1. Any idea which of (1) crowded, with 17+ Cβ neighbours inside 10 Å; (2) in a loop (DSSP other than H, G, I, E, B); (3) at pLDDT below 85 is the one Asp45 doesn't satisfy?
2. Determine which single condition Lys344 fails, assuming it passes every other condition in (1) surrounded by fewer than 16 Cβ atoms within 10 Å (Cβ to Cβ); (2) outside any loop (DSSP other than H, G, I, E, B); (3) of a type outside the set (S, T, N, Q).
3. If you take the residues of region 244-254 that are in contact with a strand residue (DSSP E or B) (Cβ under 9 Å, 6 or more places away or on another chain) and surrounded by fewer than 18 Cβ atoms within 10 Å (Cβ to Cβ), which of them is nearest to Lys278 (Cα to Cα)?
4. Only one of these conditions is not met by Val353: (1) over 22 Å from Glu311 (Cβ atoms); (2) surrounded by fewer than 14 Cβ atoms within 10 Å (Cβ to Cβ); (3) not acidic (Asp, Glu). Which number is it?
5. Let me spell it out: the conditions are (1) part of a loop (DSSP other than H, G, I, E, B); (2) under 30 Å from Leu49 (Cβ atoms); (3) free of Cβ contacts under 8 Å to residues at least 40 places away in the same chain, and Lys305 meets all of them except one. Which number is the exception?
6. So, in region 317-350, exactly how many residues are over 17 Å from Ala307 (Cα atoms) and within 33 Å of the chain's Cα centre (by Cα)?
7. Look through region 263-283, keep the residues that are assigned to a helix (DSSP H, G or I) and at pLDDT 90 or above, and return whichever of them is surrounded by the most Cβ atoms within 10 Å (Cβ to Cβ).
8. With respect to Lys250, determine if the residue is closer than 27 Å to Ile271 by Cα and of a type outside the set (A, V, I, L, M).
Amino acid sequence: MRLEPMPSAEERIKEIDEELAKTQYNKNTQHHIGRLKAQLARLRDAIELRRSKGPKTAGYAVRKSGHATVALVGFPSVGKSTLLNKITNAQSAVAEYKFTTLTVVPGVMEYRGAKIQILDLPGLIKDASKGKGRGREVLSVVRSADMILLMIDVFETNIQVLVEELKTANLRLNQRPPDIVVAKKNRGGIIVNFTTKQSVMDEDLVKDMMNEYGHTNADVVIRDDIDEDQLIDYISGNRLYIPAIAVINKTDLVNEAYLKLIQKRLKEWKIVPIAAEKDIGLEKLREDIYNALKFIRIYMKPQGKDADMVEPLVIKDGSDIGMICDSIHRDFRKNFRYAQIWGKSARFPGQIVGLDHMVVDQDIVTIIVKR
């Protein structure tokens, strides 16, 4: 008796993709589709892990600088290089043909005291996540960014192609991780506890999908109304959640009615219309980038002296005094005694606080360290 060879991971992925495409989603097929999606994600993760351990291909070496890094992602010839040259100190090659940028070109945009690194990347095309057009190398750079600018041409607005390529590369745009806690244990099977009403998931579906990933004993607490994809994202543990803004370039070539149609079609996105070559909309874009990165400005006051109100310390929202110490000098946290605060986070002017005190925008801070 001749045994048929087991299908490879790639062949199995193709089979599952085909089955998902022809299976209509309804209450009767919901569990089957959930298991298939979990199998598909597990197989893709395994292939990616195998690839990461294999021979290394030449990638793009980018040294991060500034307070944050923003990746310019778009199809070839949408004006990324022109935009980079306009809003930063960089000089990227500009030409009216595809694939002008063959490497990663960095530039620094200075705004409200923040130094923001902008990366002009080679154009992303369909199937980039599968390696087409050096897509994997481009996406590896995108994964290191703090924010993504999705740039599209006013005449080529299919932003979903870019989103799908980023999604396949395990990037989740403008989302937050689902509120799920999984505590593994040695016995007792899968116990599921929902703390909020579910639109899609039920206990059996969660158990089935956990089992597909090889989890047989665990306590699962789900605090959000989630779907199958969000559960898979959590179980996989390798998803990155990154803020993104959609930028429409060359808007000077269309009338306002046409632009409104595009904005209506892309209503789920924060849209920034610009014409990079004509300097239209660039100041608004700078402001939106700064706001999306959630920076705050802290003014440092040396003990016994006036605060420096000209050069603020730029840090991320949600920072505490300990993080300010880390950003000033590596020994400040170790030698910290106390801090004084003036501003909205202080209960009274000059309040004495510790390392865990959360600061807010435009606070004035004095750090006292041991001598």
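The values are calculated or read from the model by the stated rules, or taken from the named source; none is laboratory data. Bear in mind the structure is a predicted one, so any value in this text is a computation, not a measurement. Cβ sites come from the backbone with ideal geometry, for glycine too, and all protein chains shown count toward neighbours.
1. Checking Asp45 against (1) crowded, with 17+ Cβ neighbours inside 10 Å; (2) in a loop (DSSP other than H, G, I, E, B); (3) at pLDDT below 85, the one that fails is (2).
2. With respect to (1) surrounded by fewer than 16 Cβ atoms within 10 Å (Cβ to Cβ); (2) outside any loop (DSSP other than H, G, I, E, B); (3) of a type outside the set (S, T, N, Q), Lys344 is out only on (2).
3. Result: Asp252.
4. Going through (1) over 22 Å from Glu311 (Cβ atoms); (2) surrounded by fewer than 14 Cβ atoms within 10 Å (Cβ to Cβ); (3) not acidic (Asp, Glu) one by one, Val353 breaks only (2).
5. Of (1) part of a loop (DSSP other than H, G, I, E, B); (2) under 30 Å from Leu49 (Cβ atoms); (3) free of Cβ contacts under 8 Å to residues at least 40 places away in the same chain, only one is false for Lys305: (2).
6. 14
7. Step one: of region 263-283, the residues assigned to a helix (DSSP H, G or I) are 263-265, 276-278, 282-283.
Cutting the leftovers down to at pLDDT 90 or above gives us 276-278, 282-283.
Working: Ala276: 26, Glu277: 15, Lys278: 13, Leu282: 16, Glu283: 12.
Of everything passing the filter in region 263-283, Ala276 is surrounded by the most Cβ atoms within 10 Å (Cβ to Cβ).
8. On the way: closer than 27 Å to Ile271 by Cα: yes; of a type outside the set (A, V, I, L, M): yes.
Yes: the conditions hold for Lys250.
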